[in-house]
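Engineer: What follows is a structure written as structure tokens; I'll ask about it next.
What follows is calculated from the coordinates using simple rules that are stated; it is not laboratory data. Source: prediction; values computed, not measured. Ideal geometry is used to build each Cβ from the backbone, glycine not excepted, and the neighbour counts take in all protein chains shown.
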Amino acid sequence: MFVQIMICLLMKGNQIGELEELVLLAVGSLYQEGAYAVAIVEVIKESSRRLIDVTAIHSVLRRLEKKGYVKSTMGGATQERGGRRKRYFNLTQEGRQVLEDVMAVRLSLYHKMPKLTFSIA
């Protein structure tokens, strides 16, 4: 099963890095509120305790949009942002599928590990 999943991932070219995975998960988790770069940074910070610069998130979002894993829309201009508009991101069907593929690989590997017990020396 694991080999079949890996072959499928390699053939499709659906490889994503850890940060891309975290960003996709954050975008999906922000579906109700609206996923924009600053909110994504906060979700990743809260859930993984990683501090990531917002410019890195912008780069990842552009890459994910180019791959077809997210789509963006522009929100309305607001006074609090000096008349600037926010770019909101949504997970696409392809983005959801790549997350499910990655999760399947991770679970497959996890379940192959023996149940080990460790003693404190």
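Engineer: First select every other residue whose beta carbon is under 14 angstrom from the beta carbon of I44; then total the charges, Lys and Arg +1, Asp and Glu -1. Before the final figure, lay out the partial values.
Structural biologist: Working: positive: K45, R49, R50; negative: E18, E20, E21, E42, E46, D53.
Combined, the nearby Lys, Arg, Asp and Glu give -3.
Engineer: Still on this model: Using Cα atoms only, what is the angle between the long axis of helix 93-112 and the major principal axis of the chain, expressed in degrees (0 to 90) to the nearest 10?
Structural biologist: Here the helix axis deviates by roughly 30 degrees.
Engineer: If you don't mind, there's one more thing I want to ask. Of the peptides 29-36, 50-57, 18-25, how do they stack up when ordered by the mean number of other Cβ atoms within 10 Å, highest first?
Structural biologist: In descending order of packing, they fall as 18-25, 29-36, 50-57.
Engineer: Set the Förster distance to 25 Å, then compute FRET efficiency between E80 and E21 from the Cβ-Cβ distance, nearest 0.05.
Structural biologist: 0.20
Engineer: If each Cα of the stretch 64-121 is one equal point scatterer, what is log10 of I(q)/I(0) from the Debye formula at q = 0.14, 0.22, 0.31 Å⁻¹?
Structural biologist: With no solvent term, the Cα-only Debye profile gives -0.63, -0.89, -1.11.
Engineer: In degrees between 0 and 90, to the nearest 10, how far off the longest principal axis of the chain does helix 37-48 point, with axes built from Cα atoms?
Structural biologist: Helix 37-48 and the main axis of the chain meet at about 30 degrees.
Engineer: To the nearest Å, what is the center-to-center distance of the stretch 61-121 and the stretch 31-55, using C-alpha atoms only?
Structural biologist: Their Cα centres are 11 Å away from one another.
Engineer: For the stretch 56-62, take each phi angle, set θ = phi - 60°, evaluate the Karplus expression 6.51 cos²θ - 1.76 cosθ + 1.60, and give the result in whole Hz per residue in order, putting x for glycine and proline.
Structural biologist: Rounded to whole hertz, the list is 5, 5, 4, 4, 5, 4, 4.
Engineer: Okay, moving on. For the chain, go through all pairs of different Cα atoms, get the mean of 1/r, take its inverse, and jot down that Kirkwood value in Å.
Structural biologist: After inverting the pairwise mean of 1/r, the radius is 16.1 Å.
Engineer: Taking the simple approach of a point 7 Å from Cα along Cα-to-Cβ for both R106 and A56, what is their distance in nm?
Structural biologist: 1.7
Engineer: Also, I was wondering about something else. Using amide H atoms built in the peptide plane, which far-off residues or other-chain residues are under 5 Å from V70 H to H?
Structural biologist: When sequence neighbours closer than 5 places are left aside, the close amide H contacts are E65, T92.
Engineer: Quick check on the exposure proxy: order R63, R49, R106 from fewest to most C-beta atoms within 10 angstrom.
Structural biologist: Ascending Cβ contact count within 10 Å gives the list R49, R106, R63.
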